1. Here is a list of conditions, (1) away from the ligand (no atom under 16 Å from the Cβ); (2) surrounded by fewer than 24 Cβ atoms within 10 Å (Cβ to Cβ); (3) assigned to a strand (DSSP E or B), and A181 meets all of them except one; can you say which number that is?
2. Could you run through region 52-78 and say how many residues are more than 10 Å from the ligand (Cβ to nearest atom) and not hydrophobic (A, V, I, L, M, F, W, C)?
3. Output the residue which, of all residues in region 347-361 that are under 19 Å from S271 (Cβ atoms) and not small (G, A, S), is most open to solvent (accessible area, probe 1.4 Å).
4. Of the residues that make up region 160-175, is at least one open to solvent by 10 Å² or more (accessible area, probe 1.4 Å), farther than 26 Å from A60 by Cα and of a type outside the set (S, T, N, Q)?
5. Out of region 217-266, which residues are open to solvent by 50 Å² or more (accessible area, probe 1.4 Å), over 30 Å from D23 (Cβ atoms) and in a loop (DSSP other than H, G, I, E, B)?
6. So which residues in region 95-110 are free of Cβ contacts under 8 Å to residues at least 60 places away in the same chain and open to solvent by less than 40 Å² (accessible area, probe 1.4 Å), if there are any at all?
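The values are calculated or read from the model by the stated rules, or taken from the named source; none is laboratory data. The shown structure was predicted, so the numbers you read here are calculated from the model rather than taken from an experiment. Every residue, glycine as well, gets a Cβ built from its backbone with ideal geometry; the counts of neighbours run over all protein chains shown. Note: accessible area is taken over every heavy atom of the protein model, side chains too, but ligands, DNA and RNA are not part of it. Shrake-Rupley method; radii C 1.70, N 1.55, O 1.52, S 1.80 Å.
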Amino acid sequence: MQRSYVAELAAPGHKVPVRACVDGSNPPIWLFPSIGEYPVYDDFVYDVMIKDERRTSAYAEAVRRYAPGRTVLDIGTGQDAVWALAAARAGARHVWAVEVIPKSARIARKTIEEAGFADRITVVEGLSTEIELPGPVDMCVSEIIGTLGGSEGAGPVLRDARERLVKPGGVFIPHRSATTAVALDLRGATGGELPGFPSVAFGFVEGIFAAVGRPFDLRVCLGGLQDVPEVRERSYLSGPVEVEPLEFNGDLRPEGVDRAELAFTRPGRFSGLALGMRLWVAEGGAPIDSLSEWSNWTPVYAALSEEGLPVRPGDRFVFEFTTTISDDGVHPDYALVGELHRDSAPAVPLSWSSTHHGDGFRETFFHRRLFPEA
Ligand SMILES: C[S@@+](CC[C@H](N)C(=O)[O-])C[C@H]1O[C@@H](n2cnc3c(N)ncnc32)[C@H](O)[C@@H]1O
């Protein structure tokens, strides 16, 4: 059983009550904001990513394969400049390592100097979409894949890199990503009570509200879903489908509408979707799959029904998933509109949307519960 309480967060101009889960109560599921699309990276976040062994070894192997003898652009090098250093060590001719967070760029520059690669790696502070290079490079490496594949802006950012910064036919690492969806029985996973944020999440929620300038209905992830296979077995009501395909070495389309259908394979109460991502770091082989294994990419919860709608095998959820780039030109807004089809009842319309920095606050039943009125 989960235990929760109401805490207070500092938002610009005022305090915001937030539902929290008791630290140390070991809830099977807890909430966490989707953080990668905001400038709230700190030592803890960079460390979790580097320690994601599957991600880190797949990137290291791809960089070792493609970097020798090439000029390289590393978009979003982070404070550890991991792929810039890996490329230089593998024999890249020169690396441009771009980072938008000033503190991370500063630390990256120092790390590169200490590693003795200052002559082969140039750190460029800024957004890749706003910088110029002396000339186009042979390859681009980046890890700006979000909890939903494109949520950190990989579509527009890498399309811009292809048009302006990389030679025609240049290699892109990663190769491909997609957003994935599975039907979920959230109460089946939590054992009853809906979850809250652990206290370690508070600073990130405050940082996101500060970056956007006000509280808003931010995107929320489900911690714990990936870690324990039995929790997935209790809560997944269907197999997965893919939407938002992003072909970084092919026909890259950052915006679009994808139609999909989830077929229920188990009885339960359908409360929403777990949205994850698949990532092919290089061409071929099995992707990293955030809905079926632990990774630093935590699945997003698309809440569709507060109480959950009873479903059984053979029922279907048919939906359209729309990706639109927000007015910052980089980060997508997402919208999902669908219908639940059951043998036993008329079709039920269900919808969810999640903007990068939209102005609604407490507009959904899920966010009203997460941020109760004082
Ligand atoms: C997920 S982290 C990856 C850090 C490191 N490359 C790694 O893989 O461990 C993404 C980093 O990219 C930066 N970033 C995201 N989009 C960027 C862009 N368009 N230009 C420059 N930096 C960007 C973020 O600030 C963050 O430091």
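1. Checking A181 against (1) away from the ligand (no atom under 16 Å from the Cβ); (2) surrounded by fewer than 24 Cβ atoms within 10 Å (Cβ to Cβ); (3) assigned to a strand (DSSP E or B), the one that fails is (2).
2. 11
3. At the first step, the residues of region 347-361 found to be under 19 Å from S271 (Cβ atoms) are 347-354.
Now narrow it down to the ones that are not small (G, A, S): 348-350, 352.
Numbers: V348: 34, P349: 100, L350: 17, W352: 30 Å².
Here the residue is P349.
4. Within region 160-175, not a single residue is open to solvent by 10 Å² or more (accessible area, probe 1.4 Å), farther than 26 Å from A60 by Cα and of a type outside the set (S, T, N, Q).
5. First, the residues of region 217-266 that are open to solvent by 50 Å² or more (accessible area, probe 1.4 Å): 227-230, 233-234, 240, 242, 245, 247, 249, 251, 253, 255, 257, 259, 261, 263, 265-266.
With over 30 Å from D23 (Cβ atoms) added as a condition, the list becomes 240, 242, 245, 247, 249, 251, 253, 255, 257, 259, 261, 263, 265-266.
Correct list: P240, N249, D251, R253, E255, T265, R266.
6. Initial filter on region 95-110 (free of Cβ contacts under 8 Å to residues at least 60 places away in the same chain): 95-99, 102-103, 105-110.
Residues satisfying the conditions are V95, A97, V98, E99, A105, A108.
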